[in-house]
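Readers should treat all values here as calculations from the given coordinates under stated rules, not as data from a laboratory. Fair warning: this is a prediction, and the values are worked out from it, not measured in the lab. Note that each Cβ is placed from the backbone with ideal geometry, even for glycine, and that neighbours are counted across all protein chains shown.
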Amino acid sequence: MELREQVVVVTGANGAMGSALVKHLQGRARHVVGTLRGATVDWRPVDETLSYVTGNLTERTAVNFVVAEILRHQGSCHAWVNVAGGFGMDGPVEEVPLEAWPRMFDLNFITCLNACQAVLPIFKEQGFGRIINFGSAAGDAGMAQAGPYAVSKAAVHNLTQTIAREGDGKVTANLIIPTTIDTPSNRQAMPDADFSSWTSPAVIAEKITEILDETVNPPNGEQFLF
């Protein structure tokens, strides 16, 4: 299935990376649905090519309602890109507050897990589906002063590989692994870093577009490093 035929969901659509991806996909996909953080599930159409839906992705029931709204308005869903997440420099492991661990797991892993569990039955029943999850270089190598973030991203990596192994090639799962995305929030969190070495959201959005539009030999279980 070509990208122009697909309904593509992008979580975290109000963030720098998510909004850049929505903008890049709009007009290329049949319809783009961006998820926004909200206490209730609310469908917000923009035009024939774009809609938004609010909801709390850390709650499985809310995610189920989000998916139900997508199916009600668009008839199906063909690709899901999990951009939503969070980052924090919580200090050395021995000093990290206990509550920081579940907070980062909720933001990065549980949001991803809830979405994957909700859409996989749909993808498998229709015989087509694309899942793209955002990992992090820290998920493989660890990151000093950011243990909860690194560990939560490692869980995303493992989940993605597991889904890829369970698929039959018609439903695929792949990872985007940036070292650091050049976003305002990351610049604020790491003001002394070398911004010139970071990856722009536009470059990543172009690669995701290529993955979604690959019809002959779609990648599965692959990691795309930036």
Name the residues in region 130-181 that are part of a loop (DSSP other than H, G, I, E, B) and more than 16 Å from G12 (Cβ to Cβ), would you? G142, M143, A144, Q145, G167, D168, G169, K170, T179, T180
For region 194-210, which residues satisfy the criterion of being farther than 24 Å from Q6 by Cβ, of a type in the set (A, V, I, L, M, F, W, C) and surrounded by fewer than 16 Cβ atoms within 10 Å (Cβ to Cβ)? F195
Write out, first by first residue and then by second, each pair whose Cβ atoms fall under 9 Å of each other, whose residues are 6+ apart or on separate chains, and whose first residue, in region 4-16, is without any contact (Cβ under 8 Å) to a residue 24 or more places away in the chain while the second is hydrophobic (A, V, I, L, M, F, W, C). N14/L36
Just checking, how many residues over region 133-158 are touching a helix residue (DSSP H, G or I) at 6+ places or on another chain (Cβ under 6 Å) and hydrophobic (A, V, I, L, M, F, W, C)? 6
I need the full set of residues from region 157-197 which are touching a Phe, Trp or Tyr at 6+ places or on another chain (Cβ under 8 Å) and without any contact (Cβ under 8 Å) to a residue 60 or more places away in the chain, in order please. L159, K170, V171, N174, L175, I176, I177, P178, T179, T180, D182, R187
Number of positions in region 56-101 that are in contact (Cβ under 8 Å) with a residue 60 or more places away in the chain and closer than 30 Å to A189 by Cα: 10
Tell me the residue from V10, V66 that is buried (at least 23 other Cβ atoms within 10 Å of the Cβ), β-branched (V, I, T) and within 24 Å of D182 (Cβ to Cβ), please. V10
Residue count, region 113-129 (criterion: assigned to a helix (DSSP H, G or I), of a type in the set (A, V, I, L, M, F, W, C) and closer than 24 Å to E210 by Cβ): 6
Within region 139-160, how many residues are over 19 Å from V93 (Cβ atoms) and crowded, with 19+ Cβ neighbours inside 10 Å? 3
